[in-house]
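Trainee: My structure is below; once you've seen it, I'll send some questions.
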Amino acid sequence: MRTQDSAGGPAAAPSVRETAGSAVMDQPLYVAAAKIYPRAVHGWFAAWRWALVWATQLVFYGGPWLPWNERQAVLFDIAQRKFYIFALVFWPQDVIYLTVLLVISALSLFLFTAVAGRLWCGYACPQTVYTEIFLWIERRIEGDRNQRIRLDRGDWGARKLGLKAVKHAVWIALALWTGFTFVGYFTPIRELENSVLHFDVGPWATFWILFYGFATYGNAGWMREQVCKYMCPYARFQSAMFDRDTLIITYDGARGEPRGGRARGRDKGTLGDCVDCGICVQVCPTGIDIREGLQYECIGCAACIDGCDQVMDTMGYPRGLIRYSTQHALDNKLGVRDMWRRVFRPRILLYTAVLWGIIFAAAVALYIRIPLKVDIIRDRAAIAREVEGGLIENVYRVQLMNTRERARRFLLQAEGLPGLTLVGDRTLDVDGASARLVPVKLRVQPAQVTAGKHPITLTVQAEDDANVAVREKTIFIVR
Amino acid sequence: MSQFTSGFWDFYIGLITLVSIIACAVFLRMQSVRRVETKEGGTATTGHVWDETLTEYHHPLPRWWSWLFYLTVLFSLVYLVLYPGLGSWKGTLGWTQVGQLEAENARAEAKIGPLYQKFAALDVPALAKDAQAMATAQRLFLNHCAQCHASDGGGSRGFPNLTDKDWLWGGTPEAIKTTITDGRMGVMPPWGPALGEQGVKDVAHYVMSLSGMAADSIRVARGKPLYAQNCVACHGPEGKGNPALGAPNLTDKTWLHGAGEPVIIETITKGRNNQMPAHKNILTPEKIHLLTGYVYSLSQGQ
């Protein structure tokens, strides 16, 4: 329970009525959030987080600059409704692959959360990643925790003003670069770069660069843990995926308590291993004390583990007073092997199996996907017509989508009725990554068919590759 | 709506809106403080007790959260000043739905206008050879014409085929443009009452003979004078038709309502009343010009 900052709240002077053993007082329902000054931390888990910061941000900032066959390798062209990812071109009709990607993401989330809690939050979430980067900048300019606290408490002078101005300038520059990169995924980034250099950016690109930049600056610079605590829905529903065998960041109370300060090298007497140095609280980006147990604010970043391990090393105690462990292991004092054995429980195995099943199915579907889509719409109003020679003719609109990036010639063929013939050109040229609509006429001899509707198939096949073929069903009406 | 209501209702609605918005802010302000019970050595609770033992911890939200609430109140007030919404208040920006539609149309026109200007500068035969113009025109044709004339322009029973050389009202660019712009009314009066059943059949056989269909020679002979009496005014002495009236040529193999004796008898007996709707109120002159080029191009391949 954090203390209420009543001085800052709307109720300036809480009125207190004392009763036996309890006090009833007016408390504000909204309090100013206390600023958190996370202390720099180094160690195994911090290294992992930085590795992920580098990995995700190299992909993010570098992605739009990669070329591929004279175009941008990764480009989501919303205006043309084509989505390029290296060799793949996705059309709006391919939305199923986006669905599959979301299913894979959701299942990965279930799996990772069931194994080790909020791994995503602690290491890979953009909120964490950008906060880490912004904190690093802040630390370079204003110093570590204590210097920052002192700076904020101090009077506004030239130095404080200068440091703050530099910090915000760097933050804003990085945020704008982030916004620029983001927009670069939707509009060719080299053209965008040109228009930025010539102050000639379109209104929508300007809006999105500023909006995404502002969101980055606001979230990573100002909001930070507030986003996780009060805005993120994911933070709240993750607890539903925890169970007693989920690895969480825990403080080993049995080993640590009673906590207390002591000089290095002296006998600790009746005290536990916790020296009550408060490092675990100081490094926490959400400002909680992990020694109070699992809390919803904990994003699982393991900064407290790294911090505590350093202290344990200095004290000459074994590491792991704060560590990844499970509720089960803590309660039953399980060894590491027993704990890990319990981690691979049916739930995890099932998630893993389903996840790999879907990834495999998606990969196969992508591999056998052919770069041709066909859509046939029968003329609705003109049902059937009689043409010269008494032949019955039906008209269809055939929409051919050549999703390959090079032009191709396609062959049309109709079957399903005796004497069914296709009138006009049977070959159709379609440009690369474009669609073409052609009216197609089919004819039959009335003597060879009965009146009514007949199912037929129209086959479209690439001239140079018989495997690139689509068979579409439609109907032929005779009257 | 103003004819139904007096100025009182504007005032009434405006007042309710404003009072509600301000009440929200006041309510929020009042509810920002709560009496909280703190047990000695325990944590603060809101004081609510449910089901005998359930209590609620007092976890205050960050203050920016309440500022967001106040911001929505401020937003609604600013919105109601700028945009219509408060009774009959028009808003200082002068925004209207119609105005927005017109602005969007003007923007679209500014974008596609130059394209159509380029097409309008070409004459119809040149337009028919311009691939870009024809690609645009095909989309217009599919939207506005294909319902009756089919996606390929081949028409169907009762709806003329636009891909052949046979024209009811003339196939010159000017005639096509007039047809699209003003529409056409093709009327053939019913001859059943005047000719009688046998007379109709005789004329039908004569008409069939004109295009070389198999016909009963006796009926043809009987039908010829009846044709000369009743039909020549529109279809001409040789049955070649008259584009000025939209009267079809009876000597070719094109039959709008279908070939064969029963259909021809039906046509003569009951007459025909065919209409092509006018498009001058639906399409701009530039679009009609483009469509003229497309329809003209359809018959050029043959």
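The values are calculated or read from the model by the stated rules, or taken from the named source; none is laboratory data. Small disclaimer: the values here were computed from a predicted structure and weren't measured. In this analysis, Cβ positions are derived from the backbone assuming ideal geometry, glycine residues included, and neighbour counts consider all displayed protein chains.
Trainee: Checking the structure you have, find out if any residue of segment A:105-122 is in a strand (DSSP E or B) and either under 20 Å from A:Ile358 (Cα atoms) or out of contact with any Asp or Glu (no Cβ under 7 Å at 6 or more places or on another chain) (or both).
Mentor: Checking segment A:105-122: not a single residue is in a strand (DSSP E or B) and either under 20 Å from A:Ile358 (Cα atoms) or out of contact with any Asp or Glu (no Cβ under 7 Å at 6 or more places or on another chain) (or both).
Trainee: Tally the residues that are in contact (Cβ under 8 Å) with a residue 24 or more places away in the chain and more than 21 Å from A:Arg49 (Cβ to Cβ), restricting the search to segment A:147-162.
Mentor: Narrowing segment A:147-162 to residues in contact (Cβ under 8 Å) with a residue 24 or more places away in the chain: A:148-149, A:152.
From what is left, the residues that are more than 21 Å from A:Arg49 (Cβ to Cβ) are A:149, A:152.
Selection size over segment A:147-162: 2.
Trainee: What about B:Val19, is it over 42 Å from the mean Cα position of the chain (by Cα) and within 14 Å of chain A (Cβ to nearest Cβ)?
Mentor: In short, no.
Trainee: Report, by residue number, each residue of segment B:79-112 that is among the aliphatic types (A, V, I, L, M) and either without any contact (Cβ under 8 Å) to a residue 60 or more places away in the chain or touching a Pro at 6+ places or on another chain (Cβ under 6 Å) (or both).
Mentor: Of everything in segment B:79-112, those that are among the aliphatic types (A, V, I, L, M) and either without any contact (Cβ under 8 Å) to a residue 60 or more places away in the chain or touching a Pro at 6+ places or on another chain (Cβ under 6 Å) (or both) turn out to be B:Val81, B:Leu82, B:Leu93, B:Val98, B:Leu101, B:Ala103, B:Ala106, B:Ala108, B:Ala110, B:Ile112.
Trainee: Something else about it: Go through the residues of segment B:262-270 one by one and say whether even a single one is crowded, with 16+ Cβ neighbours inside 10 Å, within 14 Å of another protein chain (Cβ to nearest Cβ) and either at pLDDT below 90 or touching an Asp or Glu at 6+ places or on another chain (Cβ under 7 Å) (or both).
Mentor: No, the conditions are met nowhere in segment B:262-270.
Trainee: Out of A:Val95, A:Val89, A:Val100, I need the residue that is assigned by TED's automatic domain parsing to the domain that holds A:Glu225 and not in a helix (DSSP H, G or I). Which one?
Mentor: Step by step, each of A:Val95, A:Val89, A:Val100 is checked, and only A:Val89 is assigned by TED's automatic domain parsing to the domain that holds A:Glu225 and not in a helix (DSSP H, G or I).
Trainee: Please state which of the following conditions B:Thr251 fails to meet, knowing it meets all the rest: (1) touching a helix residue (DSSP H, G or I) at 6+ places or on another chain (Cβ under 6 Å); (2) at pLDDT below 90.
Mentor: In the conditions (1) touching a helix residue (DSSP H, G or I) at 6+ places or on another chain (Cβ under 6 Å); (2) at pLDDT below 90, B:Thr251 misses (2) alone.
Trainee: Given the criterion under 27 Å from A:Phe112 (Cα atoms) and β-branched (Val, Ile, Thr), identify the matching residue among A:Thr270, A:Thr314, A:Thr286.
Mentor: Working: A:Thr270 fails: under 27 Å from A:Phe112 (Cα atoms); A:Thr314 fails: under 27 Å from A:Phe112 (Cα atoms).
After applying the criteria, what remains is A:Thr286.
Trainee: Here is a list of conditions, (1) assigned to a loop (DSSP other than H, G, I, E, B); (2) out of contact with any Asp or Glu (no Cβ under 6 Å at 6 or more places or on another chain); (3) of a type in the set (A, V, I, L, M, F, W, C); (4) within 30 Å of B:Ala135 (Cβ to Cβ), and B:Leu290 meets all of them except one; can you say which number that is?
Mentor: Looking at each condition in turn, B:Leu290 falls short on (1).
Trainee: Given the structure, is B:Gly183 free of Cβ contacts under 8 Å to residues at least 40 places away in the same chain and away from chain A (no Cβ under 14 Å)?
Mentor: Numbers: free of Cβ contacts under 8 Å to residues at least 40 places away in the same chain: no; away from chain A (no Cβ under 14 Å): yes.
Judged against the criteria, B:Gly183 is not a match.
Trainee: Which ones in segment B:60-92 are within 14 Å of chain A (Cβ to nearest Cβ) and assigned to a loop (DSSP other than H, G, I, E, B)?
Mentor: B:Pro60
Trainee: Let me ask something else about it. Can you list the helices (runs of 4 or more DSSP H) lying wholly within segment B:167-234 that have 3 or more residues being closer than 30 Å to B:Tyr294 by Cβ and hydrophobic (A, V, I, L, M, F, W, C)?
Mentor: B:173-182
Trainee: Mind counting the residues in segment A:381-397 that are without any contact (Cβ under 8 Å) to a residue 12 or more places away in the chain and either hydrophobic (A, V, I, L, M, F, W, C) or more than 7 Å from chain B (Cβ to nearest Cβ) (or both)?
Mentor: Residues meeting the conditions: 2.
Trainee: Looking at segment A:189-196, is at least one residue touching a Phe, Trp or Tyr at 6+ places or on another chain (Cβ under 7 Å), within 19 Å of A:Thr128 (Cβ to Cβ) and assigned to a helix (DSSP H, G or I)?
Mentor: no
Trainee: Determine, yes or no, whether B:Phe119 is assigned to a helix (DSSP H, G or I), over 29 Å from B:His235 (Cα atoms) and either of a type in the set (Gly, Ala, Ser) or away from chain A (no Cβ under 14 Å) (or both).
Mentor: Values: assigned to a helix (DSSP H, G or I): yes; over 29 Å from B:His235 (Cα atoms): yes; either of a type in the set (Gly, Ala, Ser) or away from chain A (no Cβ under 14 Å) (or both): yes.
Yes; evaluated as a whole, the condition is true for this residue.
Trainee: Condition test on A:Tyr296, is it over 18 Å from A:Gly253 (Cα atoms) and in contact (Cβ under 8 Å) with a residue 40 or more places away in the chain?
Mentor: Criteria met by A:Tyr296.
Trainee: In addition: Which of the residues spanning segment A:343-362 are closer than 25 Å to A:Ala329 by Cα, assigned to a helix (DSSP H, G or I) and either of a type in the set (Gly, Ala, Ser) or free of Cβ contacts under 8 Å to residues at least 40 places away in the same chain (or both)?
Mentor: Matches in segment A:343-362: A:Pro346, A:Leu349, A:Leu350.
Trainee: What are the residue pairs meeting all of these: first residue in segment A:225-241, first residue surrounded by 13 or more Cβ atoms within 10 Å (Cβ to Cβ), second residue of a type in the set (Lys, Arg), Cβ atoms under 9 Å, and 6 or more apart or on different chains?
Mentor: A:Tyr234/A:Arg118; A:Ala235/A:Arg118; A:Ala235/A:Lys229; A:Gln238/A:Arg118
Trainee: Failed condition for B:Trp67, given (1) surrounded by 15 or more Cβ atoms within 10 Å (Cβ to Cβ); (2) over 34 Å from the mean Cα position of the chain (by Cα), with all others met?
Mentor: (1)
Trainee: Restricting to segment B:149-170, name every residue that is more than 14 Å from chain A (Cβ to nearest Cβ) and surrounded by fewer than 20 Cβ atoms within 10 Å (Cβ to Cβ).
Mentor: B:Trp169, B:Gly170
Trainee: Among the residues in segment A:271-286, are any crowded, with 18+ Cβ neighbours inside 10 Å and within 14 Å of another protein chain (Cβ to nearest Cβ)?
Mentor: The answer is yes, given that some residue of segment A:271-286 is crowded, with 18+ Cβ neighbours inside 10 Å and within 14 Å of another protein chain (Cβ to nearest Cβ).
Trainee: List, please: which pairs have Cβ atoms under 6 Å, are six or more places apart or on different chains, and start with a residue in segment B:113-130 that is assigned by TED's automatic domain parsing to the domain that holds B:Leu283 and end with one that is among the polar types (S, T, N, Q) and assigned to a helix (DSSP H, G or I)?
Mentor: Close Cβ pairs satisfying both conditions: B:Val124/B:Thr292; B:Ala128/B:Ser297.
Trainee: Would it be correct to say that A:Arg244 is in contact (Cβ under 8 Å) with a residue 24 or more places away in the chain and either in a helix (DSSP H, G or I) or among the β-branched types (Val, Ile, Thr) (or both)?
Mentor: Numbers: in contact (Cβ under 8 Å) with a residue 24 or more places away in the chain: yes; either in a helix (DSSP H, G or I) or among the β-branched types (Val, Ile, Thr) (or both): no.
So A:Arg244 fails the test.
Trainee: Suppose we filter segment A:390-430 for residues that are under 18 Å from A:Pro92 (Cα atoms) and not in a strand (DSSP E or B); how many remain?
Mentor: Here the count works out to 3.
Trainee: Working only within segment A:370-380, note down all residues that are modelled with pLDDT of 85 or more and within 12 Å of chain B (Cβ to nearest Cβ).
Mentor: A:Ile376, A:Ile377, A:Arg378, A:Asp379
Trainee: If I filter segment A:443-479 down to residues being part of a strand (DSSP E or B) and of a type in the set (Gly, Ala, Ser), which single residue comes out as farthest from the chain's Cα centre (by Cα)?
Mentor: Per the stated criteria, the residue is A:Gly452.
Trainee: If a residue has to be within 14 Å of another protein chain (Cβ to nearest Cβ) and either loosely packed, with under 12 Cβ neighbours inside 10 Å or touching an Asp or Glu at 6+ places or on another chain (Cβ under 7 Å) (or both) to count, how many in segment A:398-422 make the cut?
Mentor: Qualifying residue count for the region: 1.
Every residue, every condition in (1) under 27 Å from the mean Cα position of the chain (by Cα); (2) not assigned by TED's automatic domain parsing to the domain that holds A:Ala87, yes or no:
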{"site": "A:Tyr296", "(1), (2)": "yes, no"}
{"site": "A:Gly307", "(1), (2)": "no, no"}
{"site": "A:Thr314", "(1), (2)": "no, no"}
{"site": "A:Gly335", "(1), (2)": "no, no"}
{"site": "A:Met339", "(1), (2)": "no, no"}
{"site": "A:Ile376", "(1), (2)": "no, yes"}
{"site": "A:Val387", "(1), (2)": "no, yes"}
{"site": "A:Leu400", "(1), (2)": "no, yes"}
